[in-house]
Amino acid sequence: MDIVILAVVIAVVAVAAIGGLVVTTTRRKKTPPLDRSAPPTITAPPPTEPRVGEEAEAARDEQRRTIEEVDLPPSGATDATVAEAPEPPAAPEIETPAPTAGRLVRLRERLARSQNTLGRGLLTLLSRDHLDEDTWEEIEDTLLTADVGVAPTQELVERLRERVRVLGARTPDELRALLREELLKLVGTDMDRTVHTEGGVSSEGVVRPGVVLVVGVNGTGKTTTTGKLARVLVADGKSVVLGAADTFRAAAADQLQTWGERVGARTVRGPEGGDPASVAFDAVKEGIAENADVVLVDTAGRLHTKTGLMDELGKVKRVVEKHGPVDEVLLVLDATTGQNGLIQARVFAEVVDITGIVLTKLDGTAKGGIVIAVQRELNVPVKLVGLGEGADDLAPFEPEAFVDALIGD
Ligand code: GDP
């Protein structure tokens with residue numbers, strides 16, 4: 001019996017020893033086998049070693065990167081290079097445009113330089129001892145050469161003849177005063193030259209910004225003028241949204257956006273060659289959403305055919321008017337193009353109701369008389385003049401400052 005018991009004990013010990021070995025060996029080789037009788041906390045699979053290891057590695061890498069970037073810039077790298085990589089691109093610096101009041105007086109030199117031939121020429125002729133027919137003809141030619149236009153020229157010569165006769169003996173000062181007065185009458189001192197941006201209430205009953213459409217043939221300085229006008233408005237304390245509806249000229253939208261960014265004005269743009277009217281509509285919508293004071297829309301200026309222009313521009317205006325009336329339609333004309341400019345003015349006036357004229361490049365021409373001619377042609381005032389390529393070289397038109405620049409002090 002004892003032998004039997006002993007044999008059983010040996011057998012049990014032997015089995016236990018072999019079992020233990022197997023378990024130990026298995027544990028060493030792989031993760032613990034699932035013991036279904038054990039409580040859930042133990043049976044739950046532990047986090048896998050590799051994952052923990054990877055995360056740990058990643059965290060260490062992160063640390064290493066940070067240390068390297070902050071403390072150990074690669075040799076030769078500038079501070080700017082180091083700072084550039086992790087940070088978002090810096091917002092463009094917002095400029096403060098020059099005040100608009102008195103801009104024309106400040107830019108008068110530029111005007112005087114280009115327009116001297118007209119004013120000085122007239123004064124020299126009028127100062128002659130004998131104002132014979134030849135002299136009056138020369139006076140007429142001087143005015144026509146400066147693009148004053150036939151009818152205004154004849155009117156001016158008539159009045160000058162009359163007044164010089166009454167005056168009798170003439171001193172240079174008297175002549176200057178007389179010429180100043182008569183030129184001022186032709187240019188007009190009682191026209192409303194305000195660029196209207198009042199806005200109102202939209203068709204949905206919400207306050208809407210003032211809407212200005214800028215129209216004109218490509219190359220006249222239309223986009224540049226839209227950008228400069230944004231600066232004029234910002235300088236006057238207004239917030240502006242720009243609409244890049246000149247979708248036909250490849251660079252126009254980029255150009256406008258750059259102008260806008262300089263004064264913190266958002267530009268709404270569409271795909272190249274896209275529908276200008278939908279961009280214009282969206283721009284006004286954005287202006288309403290942003291509660292902006294003014295939306296300036298740069299339109300497409302393809303003067304391919306009158307019908308084409310009418311379709312495009314007419315549609316832009318109609319679509320924009322779904323939000324409410326347009327406050328101002330500014331026609332941009334290049335002052336150096338003379339008669340051609342007047343023809344453009346006529347065509348545009350047939351297509352849309354022009355409410356104001358912008359004459360660009362007055363700094364580069366002696367033909368300032370176009371101010372008088374184009375106002376006569378359209379019966380619409382010149383409201384702004386471009387006097388250079390600088391960002392603030394667009395000035396509200398002031399008849400007195402203009403005429404003073406023509407005839408000099
Ligand atoms: P757009 O095709 O009518 O939009 O023409 P841009 O706005 O691109 O202008 C055409 C060129 O005219 C650009 O080089 C402008 O800088 C230039 N320009 C615009 N206004 C004036 C101005 O008043 N004086 C001068 N000298 N150049 C101007």
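The values are calculated or read from the model by the stated rules, or taken from the named source; none is laboratory data. These numbers come from a predicted model, not from an experiment. Glycine gets a Cβ as well: all are built from the backbone with ideal geometry, and neighbour counts include every protein chain shown. Just the protein is used for accessible areas: all its heavy atoms, side chains included, with ligands, DNA and RNA removed. Shrake-Rupley method; radii C 1.70, N 1.55, O 1.52, S 1.80 Å.
In debye, nearest 20: dipole of region 152-270 around its Cα centre with unit charges on the Cβ of K, R (+) and D, E (-)?
280
Can you give the extra length, in nm with one decimal, that the chain gains between Asp190 and Val207 once fully stretched, where that is 0.36 nm per residue apart less the Cα-Cα distance?
Extra length from Asp190 to Val207 when fully extended: 3.0 nm.
Per residue of region 261-269, in order, report the coupling 6.51 cos²θ - 1.76 cosθ + 1.60 (Karplus, θ = phi - 60°) as ³J(HN,Hα) in whole Hz, putting x for Gly and Pro.
So the Karplus estimates, Gly and Pro as x, are 4, 5, 10, x, 9, 6, 10, 9, 9 Hz.
Rounded to the nearest 20 debye, what is the charge dipole size of region 200-354 about its Cα centre when +1 sits on each Lys and Arg Cβ and -1 on each Asp and Glu Cβ?
Here region 200-354 has a charge dipole of around 180 debye.
Taking the alpha-carbon centroid of each part, what is the distance from region 201-230 to region 289-324 in angstrom?
Here the two parts' Cα centres lie 8 Å apart.
Take every DSSP beta bridge whose two residues both sit in region 200-354, then give the antiparallel share in percent to the nearest 5.
The antiparallel proportion sits near 10 percent.
Do you know the Lys pair count in region 200-354 for C-alpha distances under 15 Å, with sequence separation 8 or more or different chains?
4
Using the Cα centre of region 200-354 as origin and beta-carbon charges of +1 (Lys, Arg) and -1 (Asp, Glu), tell me which of Pro276, Val217, Val294 is placed farthest towards the positive end of the dipole.
Going by the Cα projections, it comes out as Val217.
Largest first, what is the accessible-area ranking of Lys317, Lys228 with a 1.4 Å probe?
Details: Lys317 40, Lys228 15 Å².
Largest accessible area first, the list is Lys317, Lys228.
Cβ under 15 Å from Thr365's Cβ, Thr365 left aside: what net charge do those residues give with Lys, Arg +1 and Asp, Glu -1?
-1
Provide the gained length on full extension for the span Leu167 to Arg113, in nm with one decimal, where the gain is 0.36 nm per separating residue minus the Cα-Cα distance. Spell out each step's value before the answer.
Details: separation 54, 0.36 × 54 = 19.44 nm, distance 2.99 nm.
Taking Leu167 through Arg113 to full extension adds about 16.5 nm, to one decimal.
Run the numbers for Glu158 and Glu321: contour at 0.36 nm per residue of separation, minus the present Cα-Cα distance, in nm.
Once the chain is fully extended between Glu158 and Glu321, it gains 54.1 nm.
Between Asp132 and Ala391, how high is the FRET efficiency from 1/(1 + (r/R0)^6) when r is the Cβ-Cβ distance and R₀ = 56 Å? Nearest 0.05.
My answer for the efficiency is 0.70.
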